[in-house]
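Student: Right, I'll just put the structure down here and ask away after.
The values are calculated or read from the model by the stated rules, or taken from the named source; none is laboratory data. Computed from a predicted model, the values in this text were never measured in an experiment. So basically every Cβ, Gly included, is an ideal-geometry build from the backbone, and we count neighbours across all protein chains shown. The accessibility values were calculated without ligands, DNA or RNA, using every heavy atom of the protein model including side chains. Shrake-Rupley method; radii C 1.70, N 1.55, O 1.52, S 1.80 Å.
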Amino acid sequence: QAGPSEARPLRQSQIFEPVIYKGIGPENKRCMRQLFKNQRISLTKKKLIESHSNLYFPVPPDDNGEEPKPTDMQVLYAMLVGSPMNLLLLALPLAIASKSCGWSAQSVFIFNFITMVPLAALLGDFTEEVAAHTSQTVGGLINATFGNAVEVVVAIQALLAGEIRVVQASMIGSIFSNLLLVLGCCFFFGGLKHKEQKFQSMVATANMGLLALSSIALVLPTPFAAYYEVDDAAVLSISRIVAVFLIIMYIQLLVFQLKTHTDIIEDDDDAETEMNLFVALGGLLGVTLLITLLSEYLVSSIDGFCASSGLSRTFVGLIILPIVGNAVEHVTAVSVAMKDKMDLAMAVAIGSCTQISLFVAPLMVIIGWVVGIPMTLNFPHFEVILFILSLVVVSICVSNSKSNWLEGSMLVTTYIMVAVGFWFEKVKDF
């Protein structure tokens, strides 16, 4: 038995705990993040924690001979060193200094953009820890609330700054990114390792149906006024009414997932807590405040960044900003797809689209309504058409509940073609 000064090994359950996914909705992100958290402590990281974290945060020996539970400091240490992406946190001082010292807008945008990527991952980790201290229903609500917290914070900051075009572009850009790029990469890289992969048709059908419902919300405002007549009362009225109904639909989805049909999700992991509740709450609050501050810097530098780089605000919102909140989940989705866990990969990719279209986008309309900003669902016709066509392409690819690398290549190619179109898109800013 290891002595007090020797490294204490992690329990096997902390290295990998199986998660079986059998449904849709906000619980998908909880399952995905739990898997990501478990995989984060790989054998290499396990040795690192044993050799370093116990040196600075030793665990008292267990009198019963059982393997001790890691301390809060050990868990925080593992959270920070458990992913190479967290090296990007080294840019945090530069992100703050770039704004405080009056550096160029391009420097402010780049440093804050880089820093927010690992912060989004840490936000997910702390959210999972807080949710693990609660019941399944409350935990699901917490994950549903903070599942797209980064996108919500950035969108609110942009909305309050009057960057309506950026808000619209970031919303539909996140949907395109998850629906085409992430799902396509899952199919492609998973297909390279496995000739054919299967997934539950219910997952794809339900999510695609909800996305089709949200597409109606984008089509409804267009007959009432041309896109450039953004102050038209009919456009605002129809957008706000539709936004209310979309949020009601999202609430029904939560009730379906967390109350009436909880049996459709089977989780072999009991969501064992790894740190104290108050430590997790403190970390969640701290990271959220930091993301709020950096997102304000990021949004304020968009105009200068676009002017110096020559990129349009539409392209920045549609292609670049979605990377902030989705980068870690993109990597995780592809990773689990290569391990032939396509149900989980589908949940991450398409489930995120559903949450953004039914909750985040309508929420921005409601917030704009409250603060007196004319945020509408009247998107440019070009973007609405591409969104509907993308739904058609994805629906065809998932119709047989099987995937291969060719379908993945098809979806990625579609995303690249859409990105090229957005590169040349000229939309009147308002």
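Student: Do we find that SER201 is open to solvent by less than 10 Å² (accessible area, probe 1.4 Å) and of a type outside the set (Phe, Trp, Tyr) in this structure?
Tutor: No, not satisfied.
Student: Just need a number here: residues in the range 330-349 that are within 13 Å of LEU179 (Cβ to Cβ) and surrounded by fewer than 24 Cβ atoms within 10 Å (Cβ to Cβ).
Tutor: Residues meeting the conditions: 1.
Student: With respect to the numbered conditions (1) within 21 Å of GLY372 (Cβ to Cβ); (2) at pLDDT below 80, which one is the sole condition not fulfilled by VAL242?
Tutor: Among (1) within 21 Å of GLY372 (Cβ to Cβ); (2) at pLDDT below 80, VAL242 violates only (2).
Yes or no, residue by residue, for (1) farther than 30 Å from LYS193 by Cα; (2) free of Cβ contacts under 8 Å to residues at least 60 places away in the same chain:
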| residue | (1), (2) |
| --- | --- |
| ILE367 | yes, no |
| PRO374 | yes, no |
| PHE382 | yes, yes |
| SER395 | no, no |
| VAL398 | no, no |
| SER401 | no, no |
| MET410 | no, no |
| THR414 | no, no |
| PHE422 | yes, no |
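Student: If I filter the range 313-329 for residues that are open to solvent by less than 40 Å² (accessible area, probe 1.4 Å) and not in a helix (DSSP H, G or I), do I get at least one hit?
Tutor: yes
Student: State which residue is least open to solvent (accessible area, probe 1.4 Å) when the search covers only the range 80-112 and only residues that are assigned to a helix (DSSP H, G or I) and among the hydroxyl-bearing types (Ser, Thr, Tyr).
Tutor: SER98
Student: What's the total number of residues in the range 279-304 that are more than 19 Å from GLY124 (Cβ to Cβ) and either at pLDDT below 85 or open to solvent by 20 Å² or more (accessible area, probe 1.4 Å) (or both)?
Tutor: 5
Student: Just give me the residues in the range 383-402 being part of a helix (DSSP H, G or I) and open to solvent by 30 Å² or more (accessible area, probe 1.4 Å), in sequence order.
Tutor: The answer is ILE385, LEU386, ILE388, LEU389, VAL392, VAL393, SER395, ILE396.
Student: Can you name the helices (runs of 4 or more DSSP H) wholly within the range 142-199 that have at least 2 residues being farther than 12 Å from GLY317 by Cα?
Tutor: Hits in the range 142-199: 149-160, 183-193.
Student: More than 23 Å from the chain's Cα centre (by Cα), at pLDDT below 90, surrounded by 16 or more Cβ atoms within 10 Å (Cβ to Cβ) and under 19 Å from VAL153 (Cα atoms), is that true of PRO380?
Tutor: no
Student: So, in the range 403-430, of the ones that are open to solvent by less than 70 Å² (accessible area, probe 1.4 Å) and not in a helix (DSSP H, G or I), which residue ends up modelled with the lowest pLDDT?
Tutor: If we take residues in the range 403-430 being open to solvent by less than 70 Å² (accessible area, probe 1.4 Å) and not in a helix (DSSP H, G or I), then PHE430 is modelled with the lowest pLDDT.
Student: Another question, if that's okay. Quick one: THR127 ticks every box in (1) modelled with pLDDT under 85; (2) open to solvent by 10 Å² or more (accessible area, probe 1.4 Å) except a single one, so which number is it?
Tutor: For THR127, the exception is condition (2).
Student: Within the set of pairs 6 or more residues apart or between chains, which connect a residue that is under 21 Å from LEU76 (Cα atoms) inside the range 277-298 to a residue that is among the charged types (D, E, K, R) with Cβ atoms less than 6 Å apart?
Tutor: VAL279/ASP72; ALA280/GLU129
Student: Under 7 Å between Cβ atoms, which residue pairs at least 6 apart in sequence (or on different chains) link something in the range 179-208 that is within 11 Å of ALA349 (Cβ to Cβ) and at pLDDT 90 or above with a partner that is part of a helix (DSSP H, G or I) and open to solvent by 50 Å² or more (accessible area, probe 1.4 Å)?
Tutor: PHE187/TRP405
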